[in-house]
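The values are calculated or read from the model by the stated rules, or taken from the named source; none is laboratory data. For clarity, every value in this text was computed on a predicted model and none was experimentally measured. Don't worry about glycine lacking a Cβ; one is built from the backbone with ideal geometry, like all the others, and counts go over all protein chains shown.
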Amino acid sequence: MVARRPRTRVLLLYSLANRLPNGVGHGPHTRSLHTLFAFGRFTAHLEAAGSVLPRVLDEWELDGSALELPPEPPRADAVTVIVVVSPRGDPTLLLDLGLPEAADAETVTELLAATCFRRGELTLRQRPILEWVAGRIGYAGELEFGRDLHQLVFPGGRLLDRIRTEQLAVRDGVSPTLAQVIYRGAGLADAGIRRPAGLNDHVRSVVAHGRGVSVAAAWEPRAAPWNAELENAFAVVAMTQVSALGVVQRTRRNAFRALTDNEHALPTSTAEARTLISDLSTELNEMQLDLSFGVEAYLDSLLIPESALEHYQTSLRGAIGLTDGLANTSRMLDRLQSVIQARLSGLEATVQERVEQRSRALSWVVAVGTLIALPPALLLAFFGLNGTEVDETRSMFDLGRYWPAYLAAWLPFLLLVLVGLVLRRKADRA
């Protein structure tokens with residue numbers, strides 16, 4: 001059990017904007033998340049949920065001096081760089097820092113602020129950290145930080161002593177040092193700081209968090225079941241929430257882009273319209289799968305059914321607004337689906353209209369052809385069968401002789417054409 005840990009542990013979780021190629025999340029070079037840390041009684045849950053949880057893509061243990069952030073280095077004793085990737089290919093970067101025993105609240109606060117607001121300036125072995133990571137995992141493109149991150153602080157040494165002293169004095173409140181760390185030294189009061197139910201005992205332990213920072217500390221051996229395994233499980237919960245929030249952000253961007261593509265598209269043919277609808281539908285399906293397996297799968301406590309973790313997960317999910325973000329994004333996809341359906345209905349109506357036009361045109365051709373062929377057929381029948389009226393010495397085109405026959409054959413046809421023209425003119429006027 002944790003009595004007084006000598007060092008402060010800081011775990012930095014960064015979502016990355018890139019999406020790794022298909023299959024990376026389940027590739028043979030990855031390993032299950034339960035092998036990353038010591039999880040104790042939580043291991044069985046992580047193994048059972050291995051197909052849904054992120055997998056470890058790679059891990060590197062380095063000396064603390066390898067990590068730099070000019071002008072002041074983070075001053076960590078050790079750093080472990082970890083890349084995990086979700087089954088849908090969404091990567092998350094973890095930096096596990098061990099700080100010296102002398103690290104106080106000011107040191108930790110400065111570290112949290114710098115690694116949050118200036119994370120793009122982080123270097124590893126004198127190279128931009130994402131460039132270093134991309135080279136190690138064999139990613140050909142340029143990795144980019146996403147908008148979302150979370151920082152977990154597990155106090156030790158001087159920081160733990162200070163938090164314990166203040167927390168014993170404020171009892172059920174939030175100590176000034178705790179608020180300072182959670183707000184990264186922004187000087188805000190404790191408004192908005194959450195303390196998950198069931199995880200706080202002012203004489204033994206405290207767990208509190210805001211949107212971007214969580215602090216979990218215990219200073220009594222009797223703060224059961226508090227140990228490093230629980231801290232590692234907290235890290236998994238925060239990791240899944242950061243990954244899910246990154247998926248929500250990306251899905252929104254993709255939805256806006258799909259809507260823009262739909263608005264700007266001016267297909268000039270039925271084939272182009274079909275291609276547009278097919279592309280939009282495919283993209284919509286991908287976004288829906290992202291929300292299902294990259295967000296919704298991490299919202300409840302079924303993955304790790306432990307009450308302590310459920311309290312923390314529920315509280316953190318509310319702080320970062322993940323549930324509301326998911327609901328709003330789902331409604332956006334519903335609207336996009338309606339737009340695609342409307343365009344599809346318009347295409348189907350256009351195709352049906354063209355089919356009907358072709359059918360009408362064919363009917364007119366058949367009808368006109370039949371009418372045109374009828375008078376010649378009657379005349380041929382007259383000249384071929386009526387031997388008494390036909391003079392063999394005269395040509396069949398002798399109108400002076402055979403005009404009554406021509407008149408009888410063509411007059412009904414001409415009358416039908418005239419009636420059709422009159423009816424068409426009346427229909428156009430109406």
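Tabulated values for the structure
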{"read-out": "Test: residue in the range 120-130 that is touching a Ser or Thr at 6+ places or on another chain (Cβ under 9 Å), closer than 29 Å to LEU69 by Cα and touching a residue at least 40 places away in the same chain (Cβ under 8 Å)", "value": "yes"}
{"read-out": "Sole residue being assigned by TED's automatic domain parsing to the domain that holds LEU111, more than 29 Å from SER65 (Cβ to Cβ) and modelled with pLDDT of 85 or more, chosen from ARG195, ARG171, ARG158", "value": "ARG195"}
{"read-out": "Yes/no for GLY185 being at pLDDT below 85, in a loop (DSSP other than H, G, I, E, B) and either on the phi > 0 side of the Ramachandran plot or buried (at least 23 other Cβ atoms within 10 Å of the Cβ) (or both)", "value": "yes"}
{"read-out": "Positions within the range 263-289 being assigned to a helix (DSSP H, G or I) and under 17 Å from GLU348 (Cβ atoms), in sequence order", "value": "THR270, ALA271, GLU272, ALA273, ARG274, THR275, LEU276, ILE277, SER278, LEU280, SER281"}
{"read-out": "Count of the range 290-302 residues which are part of a loop (DSSP other than H, G, I, E, B) and either among the polar types (S, T, N, Q) or assigned by TED's automatic domain parsing to the domain that holds ARG88 (or both)", "value": "1"}
{"read-out": "Positions within the range 269-291 being exposed (fewer than 13 other Cβ atoms within 10 Å of the Cβ) and more than 20 Å from the chain's Cα centre (by Cα), in sequence order", "value": "SER269, THR270, ALA271, GLU272"}
{"read-out": "Qualifying position, being under 27 Å from ARG5 (Cα atoms), surrounded by fewer than 17 Cβ atoms within 10 Å (Cβ to Cβ), in the same structural domain as SER51 (by TED's automatic domain parsing) and among the polar types (S, T, N, Q), among THR165, THR115, THR109", "value": "THR165"}
{"read-out": "Conditions (1) over 26 Å from GLY146 (Cβ atoms); (2) part of a helix (DSSP H, G or I): number failed by PRO305", "value": "(2)"}
{"read-out": "Test for SER315: is it in a helix (DSSP H, G or I), modelled with pLDDT of 90 or more and not assigned by TED's automatic domain parsing to the domain that holds LEU97", "value": "yes"}
{"read-out": "Scope the range 118-162; condition assigned to a strand (DSSP E or B) and surrounded by 21 or more Cβ atoms within 10 Å (Cβ to Cβ); matching residues", "value": "GLY146, ASP148, LEU149, HIS150, GLN151, LEU152, VAL153, PHE154"}
{"read-out": "Number of the condition not met by ARG274 [criteria: (1) in the same structural domain as ASN328 (by TED's automatic domain parsing); (2) free of Cβ contacts under 8 Å to residues at least 60 places away in the same chain; (3) among the charged types (D, E, K, R)]", "value": "(2)"}
{"read-out": "Condition met for ARG194 (within 18 Å of ILE320 (Cα to Cα) and either free of Cβ contacts under 8 Å to residues at least 40 places away in the same chain or surrounded by 18 or more Cβ atoms within 10 Å (Cβ to Cβ) (or both))", "value": "yes"}
{"read-out": "Considering residues of the range 1-30 that are at pLDDT 90 or above and closer than 19 Å to GLU59 by Cα only, the residue surrounded by the fewest Cβ atoms within 10 Å (Cβ to Cβ)", "value": "ARG9"}
{"read-out": "Filter result for THR109 (in contact with a Pro (Cβ under 9 Å, 6 or more places away or on another chain) and among the β-branched types (Val, Ile, Thr))", "value": "no"}
{"read-out": "Conditions (1) touching a residue at least 12 places away in the same chain (Cβ under 8 Å); (2) part of a loop (DSSP other than H, G, I, E, B); number of the one not met by ASN254", "value": "(2)"}
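Residues checked against (1) within 30 Å of ARG253 (Cβ to Cβ); (2) surrounded by 18 or more Cβ atoms within 10 Å (Cβ to Cβ); (3) not aliphatic (A, V, I, L, M):
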| residue | (1), (2), (3) |
| --- | --- |
| ASP300 | yes, no, yes |
| TYR312 | yes, yes, yes |
| GLU356 | no, no, yes |
| ARG360 | no, no, yes |
